[in-house]
Amino acid sequence: MLAGSRPPLSFAPAAVDATDLPGGGMRLRSPLKLGPYPDNLGEHLRRWSQEAPDRTFLAERDLQGAWRTVTYGQTLRLVEGLAQGLLDRGLGPERALVLLSENSVDHGLLQLAAMYVGIPAVPVSPAYSLVSQDHAKLIHLFNLVRPGGVYVADQGRFAPALAALDLAGVELMAGAAAEGGATSLPQLAAATPGPEVDRAFARVGPDTMAKILFTSGSTGWPKGVVNTQRMLCANQEQMARVWPFLEGKPLVLLDWLPWNHTFGGNHNFNMVLRNGGTLYIDEGRPVPGAIERTVANLREVSQTIHFNVPRGLGALLPYLEADPGLRDAFFRDLDMLFYAAATLPQPLFERLQRLSQASLGRPVFMASGWGSTETSPTNTLVHFPVSFAGAIGLPVPGVELKMVPNGDRLEMRVRGPNVTPGYFRQDELTKQVFDEEGFYRMGDAGRLADPDDPAKGLVFDGRVAEDFKLSTGTWVHAGGLRIGALEAAAPMLQDAVVTGHNRDYLGLLAWPNLDACREIARGEDRSIEGGAEALIASPAVRQAVRTALQRRNEAQRGSSTRIARVLLMAEPPSLDANEVTDKGYINQRATLERRADLVERLYGEPPSDQVIVL
């Protein structure tokens, strides 16, 4: 067990100003004032290049496995050289830079260089280039942006994606091994910064477009969200006001979350930059064959905060539970464990608390928040102790949260300096997402943890857009039902979508957790090979799922919460079909549309042998 004698973290008090609205609902605001913040992110870089020039800012593994690092002083020099190189090649406010690369030091430097001189950075999901077969999403966003430049780390790997694009008049940039007329990164960086860089930097103000960040496509085609410098700088100040401990010592992160998403690219990257911390780029991913690299990195890098999505924590937990040495390395300097992007099932929350208790002699502080690409991302944060998953805290300073009755729930809407002015070149979409008072409509529901005390914070209550009615007219809250089912059947199910729209009863299309199901199946048949098809047909697995969900059903009173049938699926969710984002979030609507034949099989009479009837 590690010593648990570290001083407690400093947090803003749990307080909120609540006002009831006529006709129901309420408005919530933080009593804290936001305070000043810089006009642009480049000011943070300039600050730390002066105050801590030798401190490592970014680090990544090189080809030999050693950590390649750049300090804050080096970063400013490289950023200004790259910025000059981009300006020399005609990029500017109307000619954005699209980045198709995974997270890397070079990617980070290029993004900073573009934003430093007012060139919008457009980081794009590598999955759209490297996993997708039709490149439809990539073509969609490329045609929308019409960039002045495109960067790829490796022309060979990205060749099929580049071939799908019309690059006429577009400056192609690549890594050190650039070929075929592409500009190499060393060529860009070799430019000597001149007065043009200083003049361009001076023009970068709060309303300057910093990024076009595309939504994950969990509810349709990705939309280009305008991210201004005000949004990004204000949001970091908002978080620092309720988490003042961030300024107490240098932040250290080991992070895999992709920079084309707001969680990794805005929340985490900018938090390190704002607070003069160090970001170790984790080349691992929460999937078999890649999670092992994360585990290896965790043995070397002692984090102060661990940021992750529930899928990532679920993949990491078995390693932490099986190896006390890894567990202790993980928690050694950890001040806080933070999850977001989806609701964490309560069993995972409790397992993490038990692990930290065993390592530290106390539970680690666990927190979450609520936000989106359109809100930079943070609207609410947990900054007080909570004992359950799903708590999203209270509004951060400067955010006004309006909770509006929507059926039997409260829909959450927000406005503040962290909220986008709209979608890039999609004015009609922009009009649709703001209400008559200028509040951004997130499409999410929330509720007070304690109806008598708003200061105890909010609980996420699902996505309003995912709800539907049974044939009886009874509303089904699909998000909460999905989490409840996954918790009940843990760890056998990896994910699921809820069925039942205009049907008589509820069902689940579910993906098995192959590792957990393999253990169950081999308990009955040691010879089973353990492929997905064999596992979902295993009588032992089917009975275990049936028993777990029947036990859950016993506590449910109505048809809107009781699951009647389950169909396990061997085929993983498809990125090209928009069933899943590259963070692992499942698009319920797209999955049900693509797998309509499975829905029909689920409700067939008499039920197929493949259907688990509860």
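Tell me the residue from 496, 488, 510 that is under 15 Å from residue 343 (Cα atoms), in contact with a strand residue (DSSP E or B) (Cβ under 6 Å, 6 or more places away or on another chain) and either in the same structural domain as residue 569 (by TED's automatic domain parsing) or modelled with pLDDT of 90 or more (or both), please. Step through it out loud before you land on a result.
Details: 488 fails: in contact with a strand residue (DSSP E or B) (Cβ under 6 Å, 6 or more places away or on another chain); 510 fails: under 15 Å from residue 343 (Cα atoms).
Result of the check over 496, 488, 510: 496.
Could you grab me the full set of residues in the range 577-614 that are in a loop (DSSP other than H, G, I, E, B), touching a His at 6+ places or on another chain (Cβ under 9 Å) and not β-branched (Val, Ile, Thr)? Explain how you work it out, then say what you get.
If we filter the range 577-614 for residues that are in a loop (DSSP other than H, G, I, E, B), which is where we start, we get 577-579, 581-585, 587, 595, 603-610, 614.
Checking the rest, the ones that are also touching a His at 6+ places or on another chain (Cβ under 9 Å) come to 581-583.
Selection gives 582, 583.
Does residue 55 fit the bill of being of a type outside the set (Val, Ile, Thr), within 19 Å of residue 105 (Cα to Cα) and modelled with pLDDT of 95 or more? Reasoning before the result, please.
Working: of a type outside the set (Val, Ile, Thr): yes; within 19 Å of residue 105 (Cα to Cα): yes; modelled with pLDDT of 95 or more: yes.
Criteria met by residue 55.
Which of (1) modelled with pLDDT of 90 or more; (2) out of contact with any Ser or Thr (no Cβ under 8 Å at 6 or more places or on another chain) does residue 517 not meet, given it meets every other one?
Every listed condition holds for residue 517 apart from (2).
Counting residues that are in contact with a Cys (Cβ under 9 Å, 6 or more places away or on another chain), which strands (runs of 3 or more DSSP E) fully inside the range 11-108 reach at least 2? Lay out the reasoning, then the answer.
Working: elements: 17-20, 26-29, 56-61, 67-71, 97-99.
Correct list: empty, since no element meets the threshold.
Could you tell me whether the range 111-127 includes any residue that is at pLDDT below 95, in contact with a Leu (Cβ under 6 Å, 6 or more places away or on another chain) and outside any helix (DSSP H, G or I)? Explain how you work it out, then say what you get.
To start, the set of residues in the range 111-127 that are at pLDDT below 95 comprises 125-127.
With in contact with a Leu (Cβ under 6 Å, 6 or more places away or on another chain) added as a condition, the list becomes 127.
Then keep just the ones that are outside any helix (DSSP H, G or I); that gives none.
Scanning the range 111-127, I find no residue that is at pLDDT below 95, in contact with a Leu (Cβ under 6 Å, 6 or more places away or on another chain) and outside any helix (DSSP H, G or I), so the answer is no.
Taking helices (runs of 4 or more DSSP H) that fall entirely within the range 162-247, which contain at least 2 residues that are more than 21 Å from the chain's Cα centre (by Cα) and more than 30 Å from residue 14 (Cβ to Cβ)?
On the way: elements: 185-189, 195-203, 229-242.
Per the criteria, 185-189, 195-203.
Would you kindly identify the strands (runs of 3 or more DSSP E) lying entirely within the range 474-568 that contain at least 1 residues that are over 20 Å from residue 463 (Cα atoms) and in contact (Cβ under 8 Å) with a residue 60 or more places away in the chain? I'd like the intermediate steps shown before the answer.
Details: elements: 493-499, 506-512, 563-568.
Qualifying strands (runs of 3 or more DSSP E): 506-512, 563-568.
Can you tell me which residue is surrounded by the most Cβ atoms within 10 Å (Cβ to Cβ) among those in the range 50-99 that are farther than 24 Å from residue 204 by Cα and in contact with a Leu (Cβ under 8 Å, 6 or more places away or on another chain)?
Taking the candidates together, the pick is 70.
Does any residue of the range 552-572 turn out to be within 30 Å of residue 100 (Cβ to Cβ), of a type outside the set (Asp, Glu), surrounded by fewer than 20 Cβ atoms within 10 Å (Cβ to Cβ) and within 25 Å of the chain's Cα centre (by Cα)? Before you say what the answer is, go through the steps one by one.
Quick first cut of the range 552-572, residues within 30 Å of residue 100 (Cβ to Cβ) only: 571-572.
In the following step, the residues that additionally are of a type outside the set (Asp, Glu) were identified as 572.
Now restrict to residues that are surrounded by fewer than 20 Cβ atoms within 10 Å (Cβ to Cβ): 572.
Then keep just the ones that are within 25 Å of the chain's Cα centre (by Cα); that gives 572.
Yes, the conditions are met somewhere in the range 552-572.
Can you go through 446, 479, 398 and tell me which one is surrounded by 20 or more Cβ atoms within 10 Å (Cβ to Cβ) and in contact with a Pro (Cβ under 7 Å, 6 or more places away or on another chain)? Steps first, answer last, please.
Details: 446 fails: in contact with a Pro (Cβ under 7 Å, 6 or more places away or on another chain); 479 fails: in contact with a Pro (Cβ under 7 Å, 6 or more places away or on another chain).
Exactly one of 446, 479, 398 is surrounded by 20 or more Cβ atoms within 10 Å (Cβ to Cβ) and in contact with a Pro (Cβ under 7 Å, 6 or more places away or on another chain), namely 398.
If residue 8 satisfies every condition in (1) within 24 Å of residue 249 (Cα to Cα); (2) out of contact with any Asp or Glu (no Cβ under 7 Å at 6 or more places or on another chain); (3) buried (at least 16 other Cβ atoms within 10 Å of the Cβ) but one, which is the exception?
(3)
From the residues in the range 434-460 that are in a strand (DSSP E or B), aliphatic (A, V, I, L, M) and touching a residue at least 12 places away in the same chain (Cβ under 8 Å), which one is farthest from residue 18 (Cα to Cα)? Give the derivation first.
Taking the range 434-460 and keeping what is in a strand (DSSP E or B), we get 434, 440-448, 458-460.
Going one step further and asking which of them are aliphatic (A, V, I, L, M), we end up with 442, 445, 448, 458-459.
Restricting the remaining residues to those that are touching a residue at least 12 places away in the same chain (Cβ under 8 Å) gives 442, 445, 458-459.
Numbers: 442: 20, 445: 17, 458: 12, 459: 16 Å.
Here the residue is 442.
Yes or no: residue 301 under 20 Å from residue 108 (Cα atoms), surrounded by fewer than 22 Cβ atoms within 10 Å (Cβ to Cβ) and out of contact with any Cys (no Cβ under 8 Å at 6 or more places or on another chain)?
Numbers: under 20 Å from residue 108 (Cα atoms): yes; surrounded by fewer than 22 Cβ atoms within 10 Å (Cβ to Cβ): yes; out of contact with any Cys (no Cβ under 8 Å at 6 or more places or on another chain): yes.
When the stated conditions are applied, residue 301 passes them.
Note down all Cβ pairs under 6 Å where the first residue falls in the range 297-321 and is within 11 Å of residue 338 (Cα to Cα), the second is among the polar types (S, T, N, Q) and crowded, with 22+ Cβ neighbours inside 10 Å, and they're at least six residues apart or on different chains.
Listed by first residue and then by second, the contacts come to 307/268.
Suppose we filter 327, 332, 241 for residues that are touching a residue at least 24 places away in the same chain (Cβ under 8 Å), of a type in the set (D, E, K, R) and under 29 Å from residue 63 (Cβ atoms); which single one remains?
Values: 327 fails: under 29 Å from residue 63 (Cβ atoms); 241 fails: under 29 Å from residue 63 (Cβ atoms).
Of the residues listed, the single one that is touching a residue at least 24 places away in the same chain (Cβ under 8 Å), of a type in the set (D, E, K, R) and under 29 Å from residue 63 (Cβ atoms) is 332.
The values are calculated or read from the model by the stated rules, or taken from the named source; none is laboratory data. On a predicted model such as this, the values are computed, not experimentally measured, just so you know. Note that each Cβ is placed from the backbone with ideal geometry, even for glycine, and that neighbours are counted across all protein chains shown.
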